[in-house]
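Below you'll find the structure, written out as structure tokens, and then a few comments.
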Amino acid sequence: MLTNISWGTYVTAVALLLTSWYAFVGFRFYFTEVKGLLSGKHKFRVTGPRSLTMDEPPSPEAQAPPIAHEIDTSAFAVEDPTFNDVDAVVEKLKSTIADAAKRSVVKEELLTYLQLVLEEFPSVKNSPFRESVSEFIASECNKNDTLTVTAEEADALWD
């Protein structure tokens, strides 16, 4: 039975089936676009990749289409002053600990310096970042063999 079908007949049948399928999809889902093309209201445009030279700016149709739903980023743009204070206290603590390590100060003197630095930032004391800053103090001090401070000692500096 299949030996009676020639390759020419097979290719013709597949071409007719594909043409009818794409015609169905085109009219079913793109009826207004096809109607506009057939009536001449819209021009047929094929956009594809094109190489641009450095002097040529991209055309508007080559740019990304606009986003239908804009995201309100104003809620994210508000900066919390606590973040700025945390950054400032971390930088000041780094410089204080590095200076104390260079001068080889005793532990009590270092703790006094750190306590004075922490008193400058009362907003960080009552923030959720307090524990992280205390752990940062302990880790920075423990990088040096001469200065060892535990996280509990660093947390006690806030009081």
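The values are calculated or read from the model by the stated rules, or taken from the named source; none is laboratory data. Nothing here was measured: the structure is a model prediction, and the numbers come from that model. Cβ sites come from the backbone with ideal geometry, for glycine too, and all protein chains shown count toward neighbours.
Remark: pairs (first residue in the range 141-159, part of a helix (DSSP H, G or I); second residue modelled with pLDDT under 85; Cβ separation under 8 Å; 6+ apart in sequence or on different chains) = CYS141/LEU147; CYS141/THR148; ASN142/THR148. Taken together, the residues in the range 95-147 that are surrounded by fewer than 12 Cβ atoms within 10 Å (Cβ to Cβ), among the polar types (S, T, N, Q) and closer than 24 Å to PRO81 by Cα amount to 2.
Of the residues making up the range 107-134, just one is touching a helix residue (DSSP H, G or I) at 6+ places or on another chain (Cβ under 7 Å), among the β-branched types (Val, Ile, Thr) and within 17 Å of THR150 (Cβ to Cβ), namely VAL133.
Would you check if ALA64 is modelled with pLDDT under 90 and assigned to a helix (DSSP H, G or I)? Criteria not met by ALA64. Against the test of being in contact with an Asp or Glu (Cβ under 7 Å, 6 or more places away or on another chain) and on the phi < 0 side of the Ramachandran plot, the options PHE121, PHE129 yield a single qualifying residue, PHE121.
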